[in-house]
Every structure is written in structure tokens, then in C-alpha cells.
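Working notes, beginning with the structure itself.
The values are calculated or read from the model by the stated rules, or taken from the named source; none is laboratory data. The structure displayed is predicted, hence computed values, not measured ones. FYI the Cβ positions are ideal-geometry reconstructions off the backbone, even for glycines, and counts take in every protein chain you see.
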Amino acid sequence: MDSSEKNAEATEVVVRPKQRRGFAAMDPAVQRAIARKGGVASHAQGTGHEWNSEAARAAGIKGGAASHGGRGKKPAPEPDQV
């Protein structure tokens, strides 16, 4: 076996399809049921979050600044300055 054959064998890559695992592999209806139980429990405990339009708007501004902020565009205003 010469060196070119060894290099060809060494660079061979096995490609396997990506498989979902855990929560992502579950049926969407089962995922929703589990997530709903978590939401009900957090609200019963008093730690659940209720969105209002102002909180949603602030979150949208923050997310937009994080994903698009560094491209030479005008920076998004702070949520309390809007």
C-alpha cells in the first residue's frame, strides 16, 4: 500500500443522518402535554410569566438588537427609552 492509498483511507468520513433524541423525538402532542404541565405548575407556584404587550415589545427589541445589531445599522433603543 503506498502513501496515497493510506491518505485516501484516513480521510474517509462516515456520514450518518442526524437523529432526534429525547424531547425532540417525541410526538408533538406529547411534547405539548408535557410543556402544558410545566406551565400549569409554574403558575400554581407563582413563578409563571404572563406576557403583556409592553413586555413582549421589550423582548422583541432586545432580540432584534441581538440578532441584527452588529451590522452597521442604527442600534436599537433601550426598552425603557422607547
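A single member of Q45, Q19 is surrounded by fewer than 10 Cβ atoms within 10 Å (Cβ to Cβ) and at pLDDT 90 or above, and it is Q45.
The set of residues in region 8-42 that are more than 23 Å from the chain's Cα centre (by Cα) and part of a helix (DSSP H, G or I) comprises A8, E9, A10.
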